[in-house]
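To keep things clear, I will list the structure first and then write my remarks on it.
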Amino acid sequence: MKNKTINKERGFSVELKSKGNLKNATLTNGSYNSVLVEGTIGELMQATFVEGIILEVVGKKGILRIDLGENEIKKTTHQDRTEVINQ
């Protein structure tokens, strides 16, 4: 994954070891532009930053990668979470 911090977009990838670990993939979830992907990466094995710019969460059944730097993670308050959900 390339780092896209210049335009503030964040990419992600999910790599599952089996199709059976994919619970749901919905391309129209109540609206025409919405996409929902659900599944399991299994028991957490490790969560680390790769090259300081990719959060990599490794489970027994798969890997989740997100373009997100260590310096971008902060503790949020309940108000912060509500503001994000309502966007």
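The values are calculated or read from the model by the stated rules, or taken from the named source; none is laboratory data. A quick note: this is a predicted structure, and the numbers were derived from the prediction, not measured. Note that each Cβ is placed from the backbone with ideal geometry, even for glycine, and that neighbours are counted across all protein chains shown.
For the range 15-41, how many residues meet the condition of being under 15 Å from the mean Cα position of the chain (by Cα) and either buried (at least 16 other Cβ atoms within 10 Å of the Cβ) or assigned to a loop (DSSP other than H, G, I, E, B) (or both)?
Final tally of qualifying residues: 5.
Can you find, within the range 61-71, the residue that is nearest to the chain's Cα centre (by Cα) among those that are closer than 23 Å to Lys17 by Cα and of a type outside the set (A, V, I, L, M, F, W, C)?
Among those residues, the one meeting the criterion is Arg65.
Which members of the range 42-60 meet the condition of being modelled with pLDDT under 95, in a loop (DSSP other than H, G, I, E, B) and either within 14 Å of the chain's Cα centre (by Cα) or within 23 Å of Asn21 (Cα to Cα) (or both)?
Ile53
So Lys8 clears everything in (1) surrounded by fewer than 11 Cβ atoms within 10 Å (Cβ to Cβ); (2) at negative phi; (3) under 16 Å from the mean Cα position of the chain (by Cα); (4) modelled with pLDDT under 85 except one condition, right? Which one?
(2)
Is at least one residue of the range 61-78 basic (Lys, Arg), modelled with pLDDT of 95 or more and touching a Phe, Trp or Tyr at 6+ places or on another chain (Cβ under 8 Å)? Can you show your working first?
Filtering the range 61-78 for residues basic (Lys, Arg) gives 61, 65, 74-75.
Now restrict to residues that are modelled with pLDDT of 95 or more: 61, 65.
Subsequent filtering for residues that are touching a Phe, Trp or Tyr at 6+ places or on another chain (Cβ under 8 Å) retains 65.
For the range 61-78, residues basic (Lys, Arg), modelled with pLDDT of 95 or more and touching a Phe, Trp or Tyr at 6+ places or on another chain (Cβ under 8 Å): present.
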